[in-house]
Every structure is written in C-alpha cells, then in structure tokens.
Amino acid sequence: MPKIVDHEAYRKEIVTKAVTIFSEHGYHGLGMRKIAQALGMSKGALYYYFSTKEALFTACTESVLEPSSLYGLSSGEPVPENKQDALRKLVSSLDLRFKGEMTVLLDYVKNRDRQQLADDVLLKMSDERLLLELEKWVGKSNAQQALALLMGGLLMRLLSANPTPIDTVVSWITALSE
C-alpha cells in the first residue's frame, strides 16, 4: 500500500528544521542542495515543497513571526493575558534564538543599501509583526520605543559577560505603558 503523506504537515516540518539550518549557516552560504542535504532529503523533494530558497526563507520568516513562536508557546497554548507574563514569555523566547536570528539577519542584509532594506518585504513583515505584538502591551504610540528597548536589551544580553536580566528588559518595556 502506498505511503500516505500529509503534505502540509511535512511542509511545516521542513520549515521548522530549515529555521535552524538558516540560523546556523546564515542566508547567503546556503543553496537548495546544501539545505536539502541538511534536511536529509533530495533536492528534488525540497523543490516539490519550495520552488526557491527565497520561498523557503519566506516560509521560515512567517513561521518564526507566528505568535506561538514569538512567545515560545506549546501547541494550543494561548498568549498570556497578563502584560508582565506575556512580555516575559516574549523576551525569553526571543532571547533563546537571538544569536541565530542575528546571524541570519546580518547575513541577509549584507551588501544591501538603505533603500533595498527599506523595500525588503521580509524586513517590513518582521517589523510590523513585532510592533503589532508590542502595541498590545504598550500601546501604538509606544510600540516603536518598546521595539528599540527589546532589540537593545536582547543585544546587550547577547554581547555582555554579565547579561541584563530578562525581568529588567521586561521592566523597561512595561514602563512605557505606565
């Protein structure tokens, strides 16, 4: 009997694994052959699900920007309703993968001028999604500042020998809504 494949579930599995691959290797250092090899599948099978590396990278970006991924939630787990709890989950989740995401981001934007960055659909999507989440907790007028504090706090945690505690970063952001 032929094997029945849930193509949508398999596509999601590919995306989940590809996020890690991009985080480890960057964007420009990977081609579809190397990605397929890291996934343990043929290049043809990968092309069945994603016609280009850009299509796969877009799917990966969309995946990491889903609320469940942003907040590090289990399947079916809701975003906490309490502002402090939600922001702690958000900052903690982003902190766990920040180094990998910065590796990919810096590689992705390398050699692009300011206009190319401003026009990039994935960068816009990322900013919009993070701002939308932060608006829920600090309001629209404070979301941009909250994003700067979030990114700055995560960068300080990454680069410092004595990292700023996550609760401190959360307190900086929550202070904007008081």
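Derivation of every value follows stated rules applied to the coordinates shown; laboratory data play no part. Keep in mind the model is a prediction, meaning the values are calculated, not measured. Neighbour counts are summed over all protein chains in view; Cβ atoms, including those assigned to glycine, are modelled from backbone coordinates with ideal geometry.
Here are some notes:
- Sorting Ser93, Ser42 from the fewest to the most surrounding beta carbons within 10 angstrom yields Ser42, Ser93.
- 3J(HN,Hα) along the stretch 137-142, derived from phi through the Karplus expression 6.51 cos²θ - 1.76 cosθ + 1.60 where θ = phi - 60°, amounts to 9, 10, x, 4, 5, 10 Hz, with x in place of Gly and Pro.
- Most positive-pole-ward Cα, Thr168, Leu122, Ser42, against dipole of the chain from beta carbon charges: Ser42
- Cα-Cα over 18 Å, subset of Lys89/Lys136; Lys12/Lys53; Lys17/Lys53; Lys17/Lys43; Lys17/Lys89: Lys17/Lys89
- Coarse-grained scattering of the chain at q = 0.10, 0.12, 0.15 Å⁻¹, given as base-10 log I(q)/I(0) from a Debye sum over alpha-carbon atoms: -0.45, -0.64, -0.94
- Contact order, relative form, for the chain: 21 percent (alpha carbon pairs under 8 Å, 6 or more residues apart, mean separation divided by residue count).
- Alpha-carbon Rg/Rh ratio, for the stretch 75-178, with Rh computed the Kirkwood way: 0.98
- Estimated from helices alone, the mean residue ellipticity of the chain at 222 nm is -22500 deg cm²/dmol (sum of -39500 (n - 2.57) over DSSP H runs with n ≥ 4, per residue).
- When Rg and the Kirkwood radius Rh are both evaluated on Cα atoms of the stretch 135-178, their ratio Rg/Rh stands at 1.02.
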